[in-house]
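Below: one structure, written as structure tokens.
The values are calculated or read from the model by the stated rules, or taken from the named source; none is laboratory data. Keep in mind that this is a model prediction, so the values were computed, not measured. Note: ideal-geometry Cβ built from the backbone for every residue, glycine included; neighbour counts use all protein chains shown.
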Amino acid sequence: MKNMKTILVLHTGGTIAMSEGKDGAIIPGKQNPLNSFNNPFTGKIRLDIRNPFNLPSPHMRPTEMLALRNKIMQAESEGIDGVVITHGTDTLKETAFFLDLTLPAEIPVVVTGAMRSANEIGSDGLHNFQTAIQTAASDEAHDKGVLVVMNDEIHTARYVTKTHTTNVATFRTPSFGPVGSVSKERVTFFSKLIRQTYVPLDHVVDNVYLLKAFAGMGPELFETLALQKTNGLVIEALGAGNLPPATLPGLQKLLDQHIPVVIVSRCFNGTAESVYDYEGGGIRLEKMGAIFCHGLNGQKARIKLLVGLSAQMSAKELASFVNDAVS
Ligand SMILES: NC(=O)C[C@H](N)C(=O)O
């Protein structure tokens, strides 16, 4: 380990930056409680703390994600050793995955948050912040893509998801589990990670939508989107990636306009695959021109589609980017 490391800290808001008021409601304050964090690593880790936003994470948009990405690019060119982003947990995984896809960074980039605000009993914010700093300053975290550190576990931005509305152990990686852990003494990785390719971007497109399929779904929502300025659509399809037959005329209208339609599964575990050859089955959807996205959930697939579209990929490039499980 280098003698003294400098970690850029970007506070963006969320429960980790909020407190409980007298009536029990959780509210953002004028002062970020994280600003009173007493750096326990003084002498080893210098913190360069900035507050680019103070937003509850449902207010976070791809434009803010792009602004974070640009700040990190700038800081990396200035020789920063690692980055910690504090963020609301509701959309944390989307920001983390956006950064994972769009940063060439070899330096560690770690995203964290909290489930309990600063003055609630059992508040997890300072602890998660501290372990995120530890991870971002560790040599082992280099070149692993963007990581999410919560509740002493390290997860990849690509596969982590929020699984519980309130529990502090909410961030999980379905099917695979965490890739590492953080304790007082050390940061341990127990998986080797594949370095993903990154996509350079200078703007982000909007009107990329996400729909969840359900039993008895008809064409209406697809037809509505076909009448809008839709740039792309992700569908959380049924099971391995199948749709009710009544949706197909609506789907066809989107595909006729060359609007990319991506299929993932609404299942919590597993991956979408085109294995069924009946009306609405995955094989038929793929034949119609829908793109299967393997291993990502709906929100992540939407971020991937949005990144590919923003990078102005051709239809062919976009299909292989979205379809390729490791790009
Ligand atoms: N735990 C949290 O941070 C949830 C909060 N609503 C947010 O995402 O901003």
Quiz item: When both residues are 6+ apart or on different chains and their Cβ atoms are under 9 Å apart, which pairs have a first residue that lies in the range 166-181 and is among the aromatic types (Phe, Trp, Tyr), and a second that is crowded, with 19+ Cβ neighbours inside 10 Å and part of a loop (DSSP other than H, G, I, E, B)?
Solution: PHE171/THR89; PHE171/GLY113; PHE171/ASN151; PHE171/VAL160; PHE171/PRO178; PHE176/TYR159
Quiz item: Does the range 33-40 contain at least one residue that is within 15 Å of the ligand (Cβ to nearest atom) and in a helix (DSSP H, G or I)?
Solution: yes
Exercise. Would you be able to say whether some residue in the range 171-178 is in contact with a strand residue (DSSP E or B) (Cβ under 6 Å, 6 or more places away or on another chain) and not polar (S, T, N, Q)?
Key: yes
Quiz prompt | GLY24 vs. criteria in a loop (DSSP other than H, G, I, E, B), surrounded by 21 or more Cβ atoms within 10 Å (Cβ to Cβ) and within 16 Å of the ligand (Cβ to nearest atom) | solution = no
Quiz item: Given (1) more than 25 Å from ASP143 (Cβ to Cβ); (2) among the charged types (D, E, K, R); (3) surrounded by 22 or more Cβ atoms within 10 Å (Cβ to Cβ), where does LYS93 come up short, assuming only one miss?
Solution: (1)
Exercise. Name every residue in the range 262-272 that is closer than 18 Å to LEU210 by Cα and either of a type in the set (Gly, Ala, Ser) or surrounded by fewer than 18 Cβ atoms within 10 Å (Cβ to Cβ) (or both), in order of residue number.
Key: SER265, ARG266, CYS267, PHE268, THR271, ALA272
Quiz item: For GLU223, all conditions in the list (1) buried (at least 22 other Cβ atoms within 10 Å of the Cβ); (2) outside the structural domain of ASN128 (by TED's automatic domain parsing) hold save one; what is the number of the exception?
Solution: (1)
Quiz item: Which condition does ILE85 not pass, out of (1) more than 12 Å from the ligand (Cβ to nearest atom); (2) surrounded by fewer than 23 Cβ atoms within 10 Å (Cβ to Cβ); (3) aliphatic (A, V, I, L, M); (4) in contact (Cβ under 8 Å) with a residue 60 or more places away in the chain, if it passes all the others?
Solution: (2)
Quiz item: Which members of the range 172-209 meet the condition of being out of contact with any Asp or Glu (no Cβ under 7 Å at 6 or more places or on another chain), hydrophobic (A, V, I, L, M, F, W, C) and surrounded by 14 or more Cβ atoms within 10 Å (Cβ to Cβ)?
Solution: PHE176, VAL179, LEU193, VAL199, LEU201, VAL204, VAL205, VAL208
